[in-house]
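These notes are about the structure you will find just below.
The values are calculated or read from the model by the stated rules, or taken from the named source; none is laboratory data. If you're wondering where the values come from, they're calculated on a predicted model, not measured in any experiment. Quick reminder, even Gly has a Cβ in these numbers, built from the backbone with ideal geometry, and neighbours come from all protein chains shown.
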Amino acid sequence: MNPILADWSTPFQIAPFDAISDNDFAPALDEAMKAHKAEIAAIADNPDAPSFANTIEALEAAGEQLNKVLSVFFTVAGADSNPAREALQREFSPKLAAHYAEITANEALYARIAQLWDQRDGLNLGPQQDRLLMLTRRGFVRAGAALKGDAADRMKDIKARLATLGTQFMQNLLADERDWHMVLEEADLEGLPSFVVDAARKAGEEKGLSQPVITTSRSVITPFLQFSPRRDLREKAFAAWAARGANGGETDNRDIAAETLSLRQERAALLGYDNFAAFKLETEMAATPDRVRDLLMEVWSPARAKAEEETAILTEMMVEDGVNDTLRPWDWHYYSEKRRKVEHDLDEGALKPYFQLDRMIEASFACATRLFGLQFTPLDVPLYHPDCRAWEVTRDGQHVAIFIGDYFARGSKRSGAWCSAMRQQARFPDVQAPVVINVCNFAKGDPALLSFDDARTLFHEFGHALHQILSNVTYESMSGTSVARDFVELPSQLYEHWLTVPEILRDYATHAETGEALPQDVLDRLIGAQNFNMGFQTVEYLSSALVDLAFHDDKAPTDPMARQSEVLAQIGMPEAIIMRHATPHFAHVFAGDGYASGYYSYMWSEVMDADAFEAFEEAGDPFDSDKAKALETNILSTGGSREAAELYEAFRGRLPGVDALLRGRGLAA
């Protein structure tokens, strides 16, 4: 029996990674797809009149085997890839796209769904049942179920091609990140704090080298850019970072981006939309491209002004250093770090030992315990990589979830940080508890030390995890993070606020060598510097969001790089700052369409998270039990069972304006 498809007798039915080999994936997928097709055929060809149970709930229950295969495969393909898994991913992507396209193009199946939709007022459905019917029907329509003939065939082809392109984009990016490194000689280490040198040595060991190296892993390259006094080396490292996906040859992503945008435009047109942005945003809180642009531009003006102020300060510091040149992007981190030390007396080299990875994990758990009564107990179970750790999550002695953390950067892992559920919470057709994983890319060390931004990332991803862990809905397809894209970042960004609660920093920011707590004066300066460099941070994010929107809110550009340059010129992008994600490595947008026309959603959610945390501040206690209960009841436990705006209003009593965000970022006039 294929170990992926067998009944898992492991603790809490966690995937038996130690029994699974790469050779198991392809036959498991084929068998699972065959079983799923049979389940779909049985629903579509059922001679009985369609009912909610024999059609909608039957669809919800179908595909259990396929879900098992995909949850295991995509976990290891993203976090621990190898040539075999990359080849399988290229093979699976169009195959899966065709499989799901065949389901949504099944005329008999869609006819049953449409009939139930027309009869919905007489079906006597409960709120979650009614919601599931709406989501199912809407999903089929938006997938092209109502298309006929050539249009239906073309939609299938487009989906298959987009799946292939998305996979290739991500693999090209991973290849560029994996292949580039810069060897450092002993003289090149001068001026670098010990933690940067240690990370570089670990990165060298990872590549089988005896010398320290700088890679394009954010946890390695960003500290190097902050601390290296060698402007020539900073420029070389930054150029490699900025050029990912645009180096020519087989891994160049520029043609992939152009074809992707063209196919998305065609897909939207087949469905009757003016452009892909109109199609994509229809189901989000924002609803229209104009509303997105209005929000982004409302923040852009004060952010750009702040960034220009920061540019002038850093330029003056550079001149004082004897550098007679314009401030360049590879200078920003270096002089910004110097400025932070001068203005806030904060030295990352001295600060970092207080942010041990293990202590920050404990801090994230402690906040969840105080807010929601969750307990975390370490588990000793086989996982897909030795770096992974697992915990059982309980409340009042009852099992709630399994949480897995995979925290360290390695060549087999794609860049960034993410949260996914290997199994989502549901009560239908059976009760199932979630298995949730956070994946990060922190530099290894003994002990592993985080920057403050790293610690914020850890809290951010754990906020996503809590959205999955605390989910309490009937149907899996609307559980956890199955919400509008511009609502999904609310729990994660909101949870970041608890990192900066003074008592959490006092209790958990302890020195790696002495064990002493973060001194009060340092804590005060750290919190006081939260909006430091905020012009830069906001501009690099907003520029990416505005380019993403421009790509999809008009005819698809034949030359995305030219369109990118045009948009940046129109908004007046400061010369010393580049987009956080330039087109050739903009994986959010091109490795799949999850964030396509949706990168703005981080800021849309931030409008809410800034306002939501003010509810705790107004209560006078960041751990106020009534507010925590309201947060869980109205947002964290509800998944996509109700409209996002309705959920937020239930928690806060109203929808927020942009004022709290501007205050929170220090951009208010």
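When region 467-486 is filtered for residues that are surrounded by fewer than 24 Cβ atoms within 10 Å (Cβ to Cβ) and closer than 17 Å to TYR595 by Cβ, the ones remaining, listed by number, are THR481, SER482, ALA484. Just to be sure, is HIS467 closer than 22 Å to GLY139 by Cβ, within 14 Å of the chain's Cα centre (by Cα) and part of a helix (DSSP H, G or I)? Here the answer is yes, as HIS467 does meet what is asked. Each residue in region 515-537 was checked for being farther than 17 Å from LEU314 by Cα and buried (at least 19 other Cβ atoms within 10 Å of the Cβ), and 3 of them qualify.
GLU646 meets each of the listed conditions (1) in contact (Cβ under 8 Å) with a residue 12 or more places away in the chain; (2) part of a helix (DSSP H, G or I); (3) under 30 Å from ALA550 (Cα atoms) apart from (1). Taken together, ALA98, ALA114 contain a single residue that is over 30 Å from GLU643 (Cβ atoms) and surrounded by fewer than 18 Cβ atoms within 10 Å (Cβ to Cβ), which is ALA98.
In summary, helices (runs of 4 or more DSSP H) completely within region 152-271 and bearing 3 or more residues that are out of contact with any Leu (no Cβ under 8 Å at 6 or more places or on another chain) and under 23 Å from ARG328 (Cβ atoms) occur at 218-227, 231-242.
Within region 312-334, the residues that satisfy the criterion of being part of a helix (DSSP H, G or I) and either basic (Lys, Arg) or in contact with an Asp or Glu (Cβ under 8 Å, 6 or more places away or on another chain) (or both) are LEU314, MET318, TRP330. Looking only at region 623-643, which residues are part of a helix (DSSP H, G or I), basic (Lys, Arg) and either surrounded by fewer than 14 Cβ atoms within 10 Å (Cβ to Cβ) or in contact (Cβ under 8 Å) with a residue 24 or more places away in the chain (or both)? Result: LYS629, single match. ILE404 - would you say it is out of contact with any helix residue (DSSP H, G or I) (no Cβ under 8 Å at 6 or more places or on another chain), buried (at least 21 other Cβ atoms within 10 Å of the Cβ) and within 29 Å of PRO83 (Cα to Cα)? Spelling it out, ILE404 is indeed out of contact with any helix residue (DSSP H, G or I) (no Cβ under 8 Å at 6 or more places or on another chain), buried (at least 21 other Cβ atoms within 10 Å of the Cβ) and within 29 Å of PRO83 (Cα to Cα).
Inside region 160-207, residues that are over 30 Å from ARG264 (Cβ atoms) and among the aliphatic types (A, V, I, L, M) make up a count of 11.
Of the numbered criteria (1) part of a strand (DSSP E or B); (2) under 26 Å from LEU174 (Cβ atoms), the one VAL393 fails is (2).
Could you list, in sequence order, the residues of region 500-545 that are assigned to a helix (DSSP H, G or I), in contact with a Lys or Arg (Cβ under 7 Å, 6 or more places away or on another chain) and over 28 Å from ALA305 (Cα atoms)? Within region 500-545, TYR508, LEU523 qualify. From LYS352, LYS306, which residue is modelled with pLDDT under 95 and part of a helix (DSSP H, G or I)? Of LYS352, LYS306, the one residue that is modelled with pLDDT under 95 and part of a helix (DSSP H, G or I) is LYS352. If the condition is being within 20 Å of GLY445 (Cα to Cα) and without any contact (Cβ under 8 Å) to a residue 60 or more places away in the chain, then region 494-516 contributes THR514, GLY515, GLU516. The single condition from (1) of a type in the set (A, V, I, L, M); (2) surrounded by 20 or more Cβ atoms within 10 Å (Cβ to Cβ); (3) touching a residue at least 40 places away in the same chain (Cβ under 8 Å) that MET579 fails is (3).
Residues in region 184-201 that are crowded, with 21+ Cβ neighbours inside 10 Å and closer than 25 Å to LEU174 by Cβ were compared, and the one that is nearest to the chain's Cα centre (by Cα) is ALA199. Taken over region 209-248, the criterion of being at positive phi and at pLDDT below 95 is satisfied by no residue. The set of residues from region 464-516 being touching a Pro at 6+ places or on another chain (Cβ under 8 Å), over 17 Å from GLN424 (Cβ atoms) and not aromatic (Phe, Trp, Tyr) comprises HIS497, VAL501, HIS511, ALA512, GLU513.
Checked against (1) over 15 Å from the mean Cα position of the chain (by Cα); (2) surrounded by fewer than 20 Cβ atoms within 10 Å (Cβ to Cβ), GLY416 passes all but condition (1).
Within region 11-44, being in a helix (DSSP H, G or I) and among the β-branched types (Val, Ile, Thr) holds for ILE40, ILE43. Would you call GLY620 surrounded by fewer than 22 Cβ atoms within 10 Å (Cβ to Cβ) and touching a residue at least 12 places away in the same chain (Cβ under 8 Å)? Taking the combined requirement at face value, the residue does not satisfy it. PHE408 meets all of the listed conditions (1) within 18 Å of THR369 (Cα to Cα); (2) touching a Lys or Arg at 6+ places or on another chain (Cβ under 7 Å) but one, namely (1).
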